[in-house]
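Participant: Dropping the structure in here first, questions after.
The values are calculated or read from the model by the stated rules, or taken from the named source; none is laboratory data. Since this is a predicted model, take the numbers as computed values, not measurements. Here the Cβ positions follow ideal geometry from the backbone for every residue, glycine too, while neighbour counts run over all protein chains shown.
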Amino acid sequence: MARCIRGLEPIAATEILRAELGTVTGLGHREVRFQAAPPARWIEPRTADDVFLLAGRIPDIGRVRAGLGGLAELTAALDLDSLLARRRAYGGRGRLTGVEVSASFLGRRNFNRYDAEDVIGSALARRLGVPYRSRRDGTPPPDLDGGWRLTLDGEHATLMLRIGLRPAHRRDYKRATIPGTLHPPVAAAMAILADVLPGQRVLDPCCGAGTLLIEAERAQPLGRFQGYDLDPAALRAARVNAAGSTAVRVGAADAGDLPLADGSVDRVVANPPWGAQVRAGGRLAGAPERWWAEIRRVLTPTGSAVVLIPDTGDLAAAIRYGLVPTYVQQVSLFGSRPSVVRLVPREPSGGSDDRIRRDH
């Protein structure tokens with residue numbers, strides 16, 4: 001099971017298939033189910049928030065508290081020795097030092113997530129002879145080599161065991177962060193949509209902590225990656241995070257007045273400062289639509305841009321400046337519903353209205 005941000009399920013499935021990580025058997029709410037490839041070829045999909053082995057599944061326990069007792073069936077039927085052997089084969093450890101459970105469900109219930117977590121967690125801890133760390137007091141448990149996931153989707157109660165020690169969305173390179181930094185699996189999905197080819201020049205005009213550029217480099221190590229930002233703190237964070245890369249470069253520049261020649265960029269990947277967590281600065285502060293004019297100006301005729309936007313109404317401005325949306329997918333991201341969009345330059349008709357001037 002690959003768990004992902006809502007809306008990214010098809011992209012996560014695409015990554016699994018392209019990387020030959022396994023055979024996709026189904027998509028659900030925030031999950032991709034797949035038969036994993038042989039362990040010797042296994043790597044974690046970068047679009048996933050987390051990756052689990054399917055431990056067990058029973059019919060959904062229903063909406064009433066009395067049904068919680070049925071969750072004990074999940075733990076009683078587990079072949080723990082076989083499960084831990086499979087986990088070890090895919091790079092996890094063959095023993096558990098503790099139990100922590102994260103539960104979620106669809107639809108209204110007269111119990112909460114902590115009730116379900118405590119039933120499952122206590123039962124697993126007894127079977128394994130290790131401590132159970134409840135989340136009920138709101139304190140996240142420490143990293144334990146025994147992370148479990150329980151989902152109730154109206155049809156099934158599904159129990160899964162995390163393969164790794166930590167959730168997959170925690171990146172080793174992410175040593176520095178700033179407000180508004182992009183969730184790494186979303187950045188990875190945008191990098192896949194960008195479809196960078198070897199040797200191509202990739203631009204992030206407002207790179208922040210560098211997450212998008214680093215994920216794009218992971219997707220295509222033979223590209224050339226340039227990021228700009230006006231915030232010194234963002235540039236410091238980006239340099240720290242990209243310290244292990246020889247292909248990612250960042251520098252100070254205004255996204256509304258990029259120091260690049262016309263038609264010099266093959267791909268743009270960006271999470272622009274639309275004002276929710278980070279306000280636009282420089283020339284974008286007084287003229288936010290200038291963002292689209294600059295993107296259109298620097299893109300090659302065969303280039304494309306993958307951008308996270310808060311509202312699809314913003315696409316009207318992109319279209320006015322000669323960019324045509326070819327893909328739009330709304331995602332659920334920490335309480336907001338932005339959209340990932342891919343745009344390509346409109347073919348010029350030869351008229352003056354189709355020319356995007358730098359001094360617009």
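Participant: Within region 93-106, is there a residue that is basic (Lys, Arg), farther than 14 Å from LEU150 by Cα and touching a residue at least 60 places away in the same chain (Cβ under 8 Å)? Quick ask: steps written out before the conclusion?
Facilitator: Restricting attention to region 93-106, the residues satisfying the condition of being basic (Lys, Arg) are 93, 95.
Filter once more, so that each one left must be farther than 14 Å from LEU150 by Cα: 93, 95.
Now narrow it down to the ones that are touching a residue at least 60 places away in the same chain (Cβ under 8 Å): 93.
Among the residues of region 93-106, at least one is basic (Lys, Arg), farther than 14 Å from LEU150 by Cα and touching a residue at least 60 places away in the same chain (Cβ under 8 Å), which makes the answer yes.
Here is a yes/no grid of residues against (1) over 29 Å from PRO39 (Cα atoms); (2) touching a residue at least 12 places away in the same chain (Cβ under 8 Å); (3) crowded, with 21+ Cβ neighbours inside 10 Å:
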position	(1), (2), (3)
LYS174	no, yes, no
THR177	yes, yes, no
VAL186	no, yes, yes
PRO198	no, yes, no
VAL202	yes, yes, yes
CYS207	yes, yes, yes
ALA238	yes, yes, yes
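Participant: Test of understanding: among ILE61, ILE43, which residue is more than 25 Å from ALA194 (Cα to Cα) and either under 22 Å from the mean Cα position of the chain (by Cα) or of a type outside the set (Lys, Arg) (or both)?
Facilitator: ILE61
Participant: Now for a different question. What do you reckon, is ALA76 of a type outside the set (Lys, Arg) and closer than 21 Å to ALA123 by Cβ? Break it down stepwise before answering.
Facilitator: Numbers: of a type outside the set (Lys, Arg): yes; closer than 21 Å to ALA123 by Cβ: yes.
Yes.
Participant: Checking the condition touching a Gly at 6+ places or on another chain (Cβ under 8 Å), crowded, with 20+ Cβ neighbours inside 10 Å and not assigned by TED's automatic domain parsing to the domain that holds LEU222, which residue from ALA157, ALA168 passes?
Facilitator: Testing whether each residue is touching a Gly at 6+ places or on another chain (Cβ under 8 Å), crowded, with 20+ Cβ neighbours inside 10 Å and not assigned by TED's automatic domain parsing to the domain that holds LEU222 leaves just ALA157.
Participant: Are any residues in region 304-338 in contact with a Gly (Cβ under 8 Å, 6 or more places away or on another chain) and either of a type outside the set (A, V, I, L, M) or closer than 25 Å to GLY223 by Cα (or both), and if so, which ones?
Facilitator: GLN329, GLN330, SER332
Participant: Kindly list, by first and then second residue, each pair from a residue in region 122-146 that is over 21 Å from ARG95 (Cβ atoms) to a residue that is at pLDDT below 80 and not in a loop (DSSP other than H, G, I, E, B), limited to pairs with Cβ atoms under 6 Å and residues at least 6 apart or on different chains.
Facilitator: Filtered contacts from region 122-146: no entries.
Participant: Taking the condition out of contact with any Phe, Trp or Tyr (no Cβ under 7 Å at 6 or more places or on another chain), among the acidic types (Asp, Glu) and either outside the structural domain of TRP148 (by TED's automatic domain parsing) or under 26 Å from LEU182 (Cα atoms) (or both), does ASP60 pass?
Facilitator: So ASP60 fails the test.
Participant: Here's something else I'd like to know. Quick one: GLN226 ticks every box in (1) closer than 23 Å to ALA48 by Cα; (2) over 17 Å from the mean Cα position of the chain (by Cα); (3) crowded, with 20+ Cβ neighbours inside 10 Å bar one, so which box is it?
Facilitator: Failing condition for GLN226: (1).
Participant: Still on this structure: Looking for whichever is crowded, with 17+ Cβ neighbours inside 10 Å and not polar (S, T, N, Q) here; the options are ASP81, ASP49. Which one fits?
Facilitator: Numbers: ASP81 fails: crowded, with 17+ Cβ neighbours inside 10 Å.
On inspection, the qualifying residue turns out to be ASP49.
Participant: Further question: Taking the residues in region 311-360 that are of a type in the set (Ser, Thr, Tyr) and assigned to a helix (DSSP H, G or I) as candidates, determine which candidate is modelled with the lowest pLDDT.
Facilitator: The residue in question is SER352.
Participant: Restricting to region 205-248, name every residue that is under 20 Å from ILE192 (Cα atoms) and basic (Lys, Arg).
Facilitator: Matches in region 205-248: ARG218, ARG224.
Participant: So ASP81 clears everything in (1) at negative phi; (2) in contact (Cβ under 8 Å) with a residue 40 or more places away in the chain except one condition, right? Which one?
Facilitator: Exception for ASP81: condition (2).
Participant: Helices (runs of 4 or more DSSP H) wholly in region 32-146 with at least 3 residues that are out of contact with any strand residue (DSSP E or B) (no Cβ under 6 Å at 6 or more places or on another chain) and more than 27 Å from GLY22 (Cα to Cα) - which ones? Let's see the steps before the verdict.
Facilitator: On the way: elements: 72-76, 80-89, 113-128.
The helices (runs of 4 or more DSSP H) meeting that bar are 113-128.
Participant: Could you look through region 252-284, keep only residues that are in contact with a strand residue (DSSP E or B) (Cβ under 6 Å, 6 or more places away or on another chain) and at pLDDT 95 or above, and pick out the one that is surrounded by the fewest Cβ atoms within 10 Å (Cβ to Cβ)?
Facilitator: Ranking the candidates gives GLY263 first.
Participant: Another question, then. Look through GLU73, GLU44, GLU100 and report the one residue that is among the charged types (D, E, K, R), buried (at least 21 other Cβ atoms within 10 Å of the Cβ) and in the same structural domain as LEU21 (by TED's automatic domain parsing).
Facilitator: Result: GLU100 is the single residue among GLU73, GLU44, GLU100 that is among the charged types (D, E, K, R), buried (at least 21 other Cβ atoms within 10 Å of the Cβ) and in the same structural domain as LEU21 (by TED's automatic domain parsing).
Participant: Out of region 1-53, which residues are charged (D, E, K, R) and in contact with a Cys (Cβ under 8 Å, 6 or more places away or on another chain)?
Facilitator: ARG30, GLU31, ASP49
Participant: Please specify each residue of region 321-337 satisfying the condition of being surrounded by 13 or more Cβ atoms within 10 Å (Cβ to Cβ) and either of a type in the set (A, V, I, L, M) or closer than 25 Å to GLY263 by Cβ (or both).
Facilitator: Hits for region 321-337 are TYR321, GLY322, LEU323, VAL324, PRO325, TYR327, VAL328, VAL331, LEU333.
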